[in-house]
Amino acid sequence: MSRLSWVKTALEVGVVTKKYPYEDVEVPEGFRGLPEFDAVKCIGCTSCANVCTPDAIRVVEDVGSGVRRLEYRVGKCIFCGRCAEVCPVSAITISKEFELAYKGEVVHVIELRYARCSVCGKPFTTSKHLTHVEGKLSEVIRENVDLCPDCKRRVSINSIIQSAGAVR
């Protein structure tokens, strides 16, 4: 192909680039931009932090003040969208925002109050998470939902021992 034919082809195609940032750019469907967190919907289950590969979402347990803090660091995020996929209450949505030039570190924080064990008083999850779980369980299973894992284990073992003693 001669150079003249290349120039002819280029002129036929026309301009294919946008004059960004002076001209708006439409992002394609399925584009993964900045995750947006809804603090009202968030139950503090920490699923998002568990799947966050670059550690952009961290859980800070502040037992002294009685809060669990979820911290999202924008600069560490790789925009994979896994956090939104695993959120059981859809508190995280992936936006189409891609213009993210910031100076310094940007941290979004969600603070949630702890629920305390009804037996020992130790904080073990957030109040919102406990309410969410209670709504999913039947009345039969719901009786020990307000117990921490240690007390729940103790109650279960004691009930097994008592039922085994009654059988003998």
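Computed from the coordinates by the stated procedures, all read-outs in this text should not be read as laboratory data. If you're wondering where the values come from, they're calculated on a predicted model, not measured in any experiment. In this analysis, Cβ positions are derived from the backbone assuming ideal geometry, glycine residues included, and neighbour counts consider all displayed protein chains.
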ask   = How big is the Rg/Rh ratio for the chain, C-alpha atoms only, Rh by Kirkwood, two decimals?
value = 1.27
ask   = Using just the C-alpha positions of the stretch 65-162 as equal point scatterers, what log10 of I(q)/I(0) does the Debye formula give at each q in 0.11, 0.13, 0.17, 0.25 1/Å?
value = -0.52, -0.66, -0.91, -1.35
message = Just to be sure I understand the curve: with the Debye formula and one point per C-alpha of the stretch 1-49, what is log10 I(q)/I(0) at q = 0.16 Å⁻¹?
response = -0.76
key: Theoretical FRET efficiency, 1/(1+(r/R0)^6), r = Cβ-Cβ of Ile141 and Val40, R0 25 Å, to 0.05   = 0.35
query = Which one of Ala115, Tyr102, Gly81 has its Cα pushed farthest toward the positive end of the charge dipole of the stretch 81-120, where Lys and Arg give +1 and Asp and Glu give -1 at the Cβ?
reply = Ala115
query = Taking Lys76 as the anchor, which lysines have their alpha carbon closer than 23 Å to its alpha carbon, excluding any fewer than eight residues away along the same chain?
reply = Lys96, Lys103
message = Taking the alpha-carbon distance from Lys136 and a cut-off under 25 Å, which lysines remain once sequence neighbours fewer than 8 residues away in the same chain are dropped?
response = Lys41, Lys122, Lys128, Lys152
task = Restrict the search to the stretch 1-53; then list the GluC sites (Glu not before Pro) that DSSP places in a loop and that have at most 12 other Cβ atoms within 10 Å of their Cβ.
result = Glu23, Glu26, Glu29
ask   = Considering the alpha-carbon set of the stretch 11-80 alone, what are its Rg and its Dmax in angstrom?
value = 19.1, 69
task = With +1 on each Lys and Arg Cβ and -1 on each Asp and Glu Cβ, and nothing else charged, work out how big the dipole of the chain is about its Cα centre, in Debye to the nearest 20.
result = 540 debye
remark   = Checking the stretch 1-60 for chymotrypsin sites (Phe, Trp or Tyr not before Pro) in a loop per DSSP with at most 12 other beta-carbon atoms within 10 Å yields Tyr22
